[in-house]
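Here is the structure we will look at, set down as structure tokens.
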Amino acid sequence: MSTAAPLTASEYWDKYKPYRGEGPEPRPAAERFDWTGVPGNGPGAEILGTPWTALDLGPAEGENAAFLAHAGVSVTAVDFSPVQVERARRFWADTGGLEFVHAEACAFLDGDARRWDAVYSTWGAAWFTDPEELFPRVLSRLVPGGVFAFSHREPIVGQYGAQQMGGRWLEGREDELTVYRWQYTAEQWSDILKRHGFTSVHAEVIPSPDPADLGTLLVRAQAA
């Protein structure tokens, strides 16, 4: 039986996508804004319009945030994992206009009074945070007409709402942490966003290039 201390949700993300190569981990390319996880598949940063400022919720390695910063956007990127934040800061230390913050998404939105032209999440915090908690906070931090956009894996039919995601795969652990991800159909996301006061809502599935794989559900909305 494992005698290790209980896992925390932060530790789950600390151990996400471990580097298995030799030597220093190379930073990812930031040549294109990616919503789908499949290089070159689907739309890019144009979904966000032409923001001067942007907030990334759950940036992980930070390549999307870096892409925007290289294009002149002032980007704040917030991640729950201190390990992910430290790595992203190391990767993009030479990139101006880019700030990585260690915080939980809702707590950050409660504590930072700034407003952004765009708030986005690519397979990130918008997938792993209760929308009833997150969406009102996002709306309060967008400028009028600001864009909120997020993506997550296309849900399996019938697996909607809060879905358990087990964590036994974490190396060296026998215990299990369960985290939740919130996923809905395009129509369901549209209804939820409109109920919370968002307008101009558009949601669609971007098919995977491999017909055997699930696609990506991409959602875009605006603040009134």
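For the reader, a short list of remarks on this structure follows.
- Where labels lie 7 Å past Cα in the beta-carbon direction, separation of Ser74 and Ala93 in nm: 2.5
- Which of Arg137, Arg181, Arg89 is most accessible, then next, and so on - probe 1.4 Å: Arg89, Arg137, Arg181
- Gained length - Tyr180 relative to Trp52, 0.36 nm times residue gap less alpha-carbon distance: 42.8 nm
- (i) 53, 45, 40; (ii) 63, 37, 35; (iii) 65, 38, 31, with the label sought being that of the calculated Cα extents along the principal axes in Å: (i)
- The mean accessible area for residues of the chain, using a 1.4 Å probe and ignoring ligands and nucleic acids, is 49 Å² per residue.
- The loop-placed chymotrypsin sites (Phe, Trp or Tyr not before Pro) in the range 33-65, going by DSSP, that have at most 12 neighbouring Cβ atoms within 10 Å of their Cβ come out as Trp52.
- The GNM of the chain, with springs linking C-alpha atoms under 10 angstrom apart, assigns the highest mean-square fluctuation among Pro211, Pro131, Pro43 to Pro211.
- Taking the chain and dividing mean pair separation by its residue count, relative contact order in percent (alpha carbons under 8 Å, at least six apart): 19
- Whole-percent carbon and sulfur share, accessible surface of the chain, 1.4 Å: 53
The values are calculated or read from the model by the stated rules, or taken from the named source; none is laboratory data. Here the structure is a predicted model, which is why all the values come from computation and not from measurement. Note that each Cβ is placed from the backbone with ideal geometry, even for glycine, and that neighbours are counted across all protein chains shown. What goes into the accessible areas is simple: the full protein's heavy atoms, side chains included, and nothing from ligands, DNA or RNA. Shrake-Rupley method; radii C 1.70, N 1.55, O 1.52, S 1.80 Å.
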